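Below is one structure, written out as C-alpha cells; the observations come after it.
The values are calculated or read from the model by the stated rules, or taken from the named source; none is laboratory data. Predicted model, so just to flag it, every value in this text is computed and none were measured. So basically every Cβ, Gly included, is an ideal-geometry build from the backbone, and we count neighbours across all protein chains shown.
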C-alpha cells in the first residue's frame, strides 16, 4: 500500500493494521527465506497468523520518519530441522526514509552505523509494505531454529538437528586449506 507523501501532514499519519491487510500479508511472507531464492518452507505463501501493527509517519523536510510497534506471529519452518514453528516478532522501530539521491556520492556509498536505520522512498510515495518488511527484518532473527527465543515448535518430536540426508556426502575433493595453521 503506497501513501502519497503529500498526504503525510506535520501532525503525522497514524497507520494501524492487522493480519487481514494485504500489505501485511506480503511483508510477512518476506520473513521466510530470501526473496527470489528457492525455499523448502511449506508455509512460504502464508501470511501472518496474528499481527498488530501501529506506527506513525511524519515528514521531516523531504524525509519521512516511521516509528511504531509491531507484534506478529508467523507460521514457518525451522531452518535446521524443517519442523513447523510459530515465530513471534515483537518490537519497536524508528526508521528514516530519504528521497532518492541526485548525486553519485549520495546514491552510492558505504553505510556507517548511524545510517543503518535509513531507508529510501521514491520521492512520490512511501510503500507501507517496505516499511513493515524492514521493521520485521530488524526485529526478527536471521535464522529460525526450534530452540530460539520467540519460537514455539508445533510439529515433530525429537531434537532440532539437520536431517540425515543433509549430513551425507560433502565435498568430493580435498580441502585446499586443510594444511594451513594459525600463526603462533
Please work out if residue 56 is more than 19 Å from residue 150 (Cβ to Cβ), at pLDDT 95 or above, more than 16 Å from the chain's Cα centre (by Cα) and exposed (fewer than 12 other Cβ atoms within 10 Å of the Cβ).
no
Hand me the list of strands (runs of 3 or more DSSP E) wholly inside segment 86-155 holding 1 or more residues that are modelled with pLDDT of 90 or more and over 26 Å from residue 22 (Cα atoms).
151-153
Between 45, 79, which is loosely packed, with under 15 Cβ neighbours inside 10 Å, outside any helix (DSSP H, G or I), at pLDDT below 95 and over 14 Å from the mean Cα position of the chain (by Cα)?
45
Qualifying position, being loosely packed, with under 11 Cβ neighbours inside 10 Å and at pLDDT 90 or above, among 11, 17, 40, 28
11
